[in-house]
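*Asks:* Mind looking over this structure? Questions follow.
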Amino acid sequence: MEILVTRHGQTDWNALGKLQGQTDIELNDIGRQQAKETGKLIKDENIDLIITSSLKRAVETAKIINANFKVNIVEDDRLMERKYGESEGLTKDERKKLKETNPEINDIWNYNKNIDFNGIETMNDFCNRVYKFLDDIVEKYRDKKILLVTHGGVSVPIKCYFMKYPLENLKDREVIKGLKNCEIIKFKM
């Protein structure tokens with residue numbers, strides 16, 4: 001089994017440094033172009049299936065890339081970005097101010113602390129959701145080559161899963177960095 005993972009293309013919120021989470025934002029023109037370039041980059045891969053987050057930015061990215069493959073696209077909510085609750089839509093500066101008044105938010109990526117703050121999906125719930133998805137596809141598509149179209153945050157537990165990096169060691173997103181817009185990584189099982 002081979003799994004390729006990519007993050008959706010750029011959105012206006014990405015360009016503005018706003019935290020998207022599960023807010024359903026569409027790609028911008030740069031994001032559409034990134035998706036076209038990614039499709040060209042992997043056009044020689046024999047993709048059997050594309051599984052995507054159901055958020056618009058990921059679905060559109062998947063459809064643009066699929067112009068090179070013409071395979072089935074399956075939407076799966078377990079690939080949706082982490083829910084950031086009341087923090088969604090905040091700019092980097094606004095998030096910085098929030099951290100100053102609520103220092104516990106600095107630990108929202110710490111698997112052991114499992115912070116429950118302002119409607120942010122806990123790290124344990126988030127990683128369990130992504131790991132359950134990965135367990136399911138590894139079992140179901142053993143002999144296939146799959147492209148996953150997802151989000152920067154989701155790429156962190158995906159990397160941990162395939163790199164066998166213990167979630168208990170995950171303290172922040174700097175340990176295992178999330179993918180950039182339309183960056184690709186490949187795993188073989």
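The values are calculated or read from the model by the stated rules, or taken from the named source; none is laboratory data. Please read these numbers as outputs of a predicted model, since none were measured by experiment. So basically every Cβ, Gly included, is an ideal-geometry build from the backbone, and we count neighbours across all protein chains shown. What goes into the accessible areas is simple: the full protein's heavy atoms, side chains included, and nothing from ligands, DNA or RNA. Shrake-Rupley method; radii C 1.70, N 1.55, O 1.52, S 1.80 Å.
*Asks:* For the range 130-147, give me the residue count where each residue is open to solvent by less than 40 Å² (accessible area, probe 1.4 Å) and either within 17 Å of Y111 (Cα to Cα) or under 10 Å from the mean Cα position of the chain (by Cα) (or both).
*Replies:* Here the count works out to 1.
*Asks:* In the range 82-119, how many are assigned to a loop (DSSP other than H, G, I, E, B) and on the phi > 0 side of the Ramachandran plot?
*Replies:* So the count comes out to 4.
*Asks:* Conditions first: (1) under 29 Å from E104 (Cβ atoms); (2) in contact (Cβ under 8 Å) with a residue 24 or more places away in the chain. Y165 passes all but one, so which condition is the exception?
*Replies:* Every listed condition holds for Y165 apart from (2).
*Asks:* Another question about this same structure. Here are some conditions: (1) touching a Gly at 6+ places or on another chain (Cβ under 6 Å); (2) touching a residue at least 40 places away in the same chain (Cβ under 8 Å); (3) open to solvent by 20 Å² or more (accessible area, probe 1.4 Å); (4) within 20 Å of E121 (Cα to Cα). R82 meets all but one. Which one does it not meet?
*Replies:* If we test R82 against (1) touching a Gly at 6+ places or on another chain (Cβ under 6 Å); (2) touching a residue at least 40 places away in the same chain (Cβ under 8 Å); (3) open to solvent by 20 Å² or more (accessible area, probe 1.4 Å); (4) within 20 Å of E121 (Cα to Cα), just (3) comes out false.
*Asks:* Do we have any residue at all in the range 148-162 that's out of contact with any Phe, Trp or Tyr (no Cβ under 8 Å at 6 or more places or on another chain), among the aliphatic types (A, V, I, L, M), open to solvent by less than 60 Å² (accessible area, probe 1.4 Å) and not in a helix (DSSP H, G or I)?
*Replies:* Within the range 148-162 (the criterion being out of contact with any Phe, Trp or Tyr (no Cβ under 8 Å at 6 or more places or on another chain), among the aliphatic types (A, V, I, L, M), open to solvent by less than 60 Å² (accessible area, probe 1.4 Å) and not in a helix (DSSP H, G or I)), the answer is yes, since at least one residue qualifies.
*Asks:* Sticking with this structure for a sec: Filter the range 15-46 for residues that are without any contact (Cβ under 8 Å) to a residue 24 or more places away in the chain and not in a helix (DSSP H, G or I); which is surrounded by the fewest Cβ atoms within 10 Å (Cβ to Cβ)?
*Replies:* D44
*Asks:* Give me a count of the residues in the range 176-189 that are without any contact (Cβ under 8 Å) to a residue 60 or more places away in the chain and surrounded by 14 or more Cβ atoms within 10 Å (Cβ to Cβ).
*Replies:* 1
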